[in-house]
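Presented below is the structure to which this report refers.
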Amino acid sequence: MEKVVVFYIPAPKGKAREIARHLLSKRLIACANIIPSQSLYWWKGKIAAEEEELILAKTTKEKSPLV
């Protein structure tokens, strides 16, 4: 049985679909979920906020060089 790996990929708003489709077309992932999100982070000494999209990409351990 193959082990499933899930990657959490933050993407700029409007780019997640393009990234997910590219990964799917290369057969690097089997499935992608895109979730709207807002990130809060420190930037130049202040707290900043930005709209993002999160990609939850599912693949197998064999297809992932990062695991």
Handout entry: Inter-site label distance for VAL6 and LEU24 at 7 Å from Cα along Cβ, in nm
Key = 1.8
Practice task
For the chain, count all C-alpha to C-alpha pairs, find those more than 18 Å apart, and express that count as a whole percent of the total.
Solution key: 44
Handout entry: Loop sites in the chain: trypsin sites (Lys or Arg not before Pro), DSSP, at most 14 other Cβ within 10 Å
Key = LYS3, LYS13, LYS15, LYS26, ARG27, LYS44
Practice task
Compute the acute angle (0 to 90°) between the alpha-carbon long axis of helix 16-25 and the principal axis of greatest extent of the alpha-carbon atoms of the chain; round to the nearest 10°.
Solution key: 20
Handout entry: Accessible surface of the chain, 1.4 Å probe, proportion on carbon and sulfur as whole %
Key = 58
Completion exercise
Computed about the Cα centre, the charge dipole of the chain from +1 Lys/Arg and -1 Asp/Glu charges at the Cβ has a magnitude in debye, to the nearest 20, of 180
Fill in the blank from the handout: To the nearest Å², the heavy-atom accessible area per residue of the chain with 1.4 Å probe amounts to 82
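The values are calculated or read from the model by the stated rules, or taken from the named source; none is laboratory data. All values derive from a computational prediction rather than experimental measurement. Cβ: placed from backbone, ideal geometry, glycine included. Neighbour counts: every protein chain shown. These area figures cover heavy atoms from the full protein model, side chains too; ligands, DNA and RNA do not enter into them. Shrake-Rupley method; radii C 1.70, N 1.55, O 1.52, S 1.80 Å.
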